[in-house]
C-alpha cells in the first residue's frame, strides 16, 4: 500500500470515528455526548468518567493539599459529575440501563449550594464554604420549625372549628369566637383558649340543665330523678373531649 493510500485511510478512519461509525479507541471523551450513537461506546465513556471521579474524590481528601488545590479539584469534580449525568441520560435515550437513580442516591449526601454547585471531601471544610453550609443548615432548621408550628396551629384551629359545629355556641348562650380571631394567638395561647372554651361549654351545659330542672315540683318523676344524676367533673370532660378530637384529627391526617 502506498504512502498516499495509508494517509487517506487514516483520514477516513478519523472521520468515521468522529461520526461514531467506528468504535473509538483510547480514553479521549467527546465534548458532545449526543454525538455518540453506539450504546457500548457511551457506556465505556461513562465508566471512564466514574473512575476519574473516584480518583479525584480520593485526591481531594489528601491532607497535604492547600486551599487552592482543593478548590481546583472541586471544580473538576463538578464538571465530571455533570458529564457523568449527561452520559447516563444519553445511555437511557439509547435504550441502555438507567443509572440515574443510583447516581442520585450516591449524590444525596453531597452538600449542594443554591446554584447546584457541589462540595466534595475537604472542600466542605473551607472557611467560606463551611460558613455558608452552616447558614443554610440553620435556615433549613428554622423553616422546618415554622412548618411544624403551622401544622400544630392548623390542628388546634380545626379542633375549635369542629367543636363549634357539633356544639353551637349560640345554643349555650356563649359569644362566638371566629377562627380569624384565634389565628393571631401563639401556640401556648391557643392551648389555653381551647381549654377555656371547653370549660365554658361544660359550665353552660350544667347551667342549662339546672334551669331546665329548677321547677322540680312541676316535673314528672323521671325528670326529677335527673336532678340527682352525678355529672362528671369539668376537668374530666374537657380532657376526654380534647383527647377524642385529637385522636380523630390525627387519624385523618
- With respect to residue 130, determine if the residue is assigned to a helix (DSSP H, G or I), free of Cβ contacts under 8 Å to residues at least 12 places away in the same chain, within 23 Å of residue 29 (Cβ to Cβ) and in contact with a helix residue (DSSP H, G or I) (Cβ under 8 Å, 6 or more places away or on another chain). no
- Top-ranked residue of region 46-82 - restricted to ones that are surrounded by fewer than 12 Cβ atoms within 10 Å (Cβ to Cβ) and farther than 27 Å from residue 96 by Cα, ranked as farthest from the chain's Cα centre (by Cα): 64
- Message: Considering only residues that are in a loop (DSSP other than H, G, I, E, B) and either touching a strand residue (DSSP E or B) at 6+ places or on another chain (Cβ under 6 Å) or touching a residue at least 60 places away in the same chain (Cβ under 8 Å) (or both), which ones fall in region 80-127?
- Response: 110, 120
- How many residues does region 63-79 hold that are out of contact with any strand residue (DSSP E or B) (no Cβ under 8 Å at 6 or more places or on another chain) and under 16 Å from residue 49 (Cβ atoms)? 4
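Every number here is computed from the coordinates shown, using simple stated rules; none is lab data. Just so it is clear, the model here is predicted, and its values are computed rather than measured. All Cβ positions, glycine included, derive from the backbone under ideal geometry; neighbour counts span all protein chains shown.
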